[in-house]
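Structure first, commentary second.
The values are calculated or read from the model by the stated rules, or taken from the named source; none is laboratory data. For clarity, every value in this text was computed on a predicted model and none was experimentally measured. When we count neighbours, we look across all protein chains shown, and the Cβ atoms used for this are built from the backbone with ideal geometry, even at glycine. Ligands, DNA and RNA are excluded from the accessible area calculation, which covers all protein heavy atoms including side chains. Shrake-Rupley method; radii C 1.70, N 1.55, O 1.52, S 1.80 Å.
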Amino acid sequence: TRSFAIFPSLAVALIAGDSGAENLILISSVVLALQLPLALLPLLKLVSTPHVCGSMSIHGFKKNALNVIVFVVVFANVFLVTQSASDMGIFDFSVTGAKLAGKVIVALMCVLFIIAYLACVFQLWKRPVLSTGGGKLPTITSGESLHDNVASDDDNHNDNMNMNGGGSAAASDDHEQK
């Protein structure tokens, strides 16, 4: 998978030279900055949900501080996109004719992009964390590890299979040993 990132970057560096590589780094930095809240919000939602992280979930000051950090990142992204568009002259409507129509269209696309970005971030922020498949998600309490929890879930599955007449002979032997 690294070759999917290395070969295009190498091709741009060889074909376009230093300026092409610099532009590639700039574009990839902008894309990564815009995607950061889209990764931070689900992570924040998961670690602050008690039915996912159990007693280790965050709440109170930590949760509020992380919400503020995500808000600052989103605000900075919107500000930087708007500032970059302004620096490029997208919001300069002092021209007339066809150039004005083109600038209006580009400005509207920029505004629509910002609105869509904020809508995605807001949707991620408001969306609740649900368990998958209607089943109970494993939780970790302060005294156990994830491995212990998964092992006990496997044992419960084997017990249910044996009670229902399913499962393998090895599972039946495990059940009899208990």
Counted charge near Val121, where neighbours are those whose Cβ lies closer than 14 Å (Asp, Glu -1; Lys, Arg +1): +3
Solvent-accessible surface (1.4 angstrom probe) belonging to Leu118, in square angstrom, nearest 10: 70
For the stretch 1-135: relative contact order, % (alpha-carbon pairs under 8 angstrom, 6 or more apart): 23
Heavy-atom accessible area ranking, 1.4 Å probe, most first, across His59, His51: His59, His51
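What ranking of Thr49, Thr96 comes out by heavy-atom accessible area, probe 1.4 Å, highest first?
Reading off the accessible areas and sorting them downward yields Thr96, Thr49.
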Using a Förster distance of 30 Å, the FRET efficiency for Val104-Leu26 (Cβ separation, nearest 0.05): 0.70
Distance (nanometres) between label positions extended 7 Å along Cα→Cβ at Phe4 and Ser94: 4.6
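Probe radius 1.4 Å, ligands and nucleic acids left out: which of Lys45, Lys63 has the largest accessible area, and how do the rest follow?
Details: Lys45 50, Lys63 75 Å².
Sorted descending by solvent-accessible area, the residues read Lys63, Lys45.
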For Ser57, solvent-accessible area (1.4 Å; no DNA, RNA or ligand), Å²: 20
Lys126-Gln83 pseudo-label distance in nm [points 7 Å out on the Cα-to-Cβ vector]: 2.9
Accessible-area composition of the stretch 60-130, carbon plus sulfur, in percent [1.4 Å probe]: 76
Accessible area per residue, Å², the stretch 1-138 with all protein chains present, probe 1.4 Å: 73
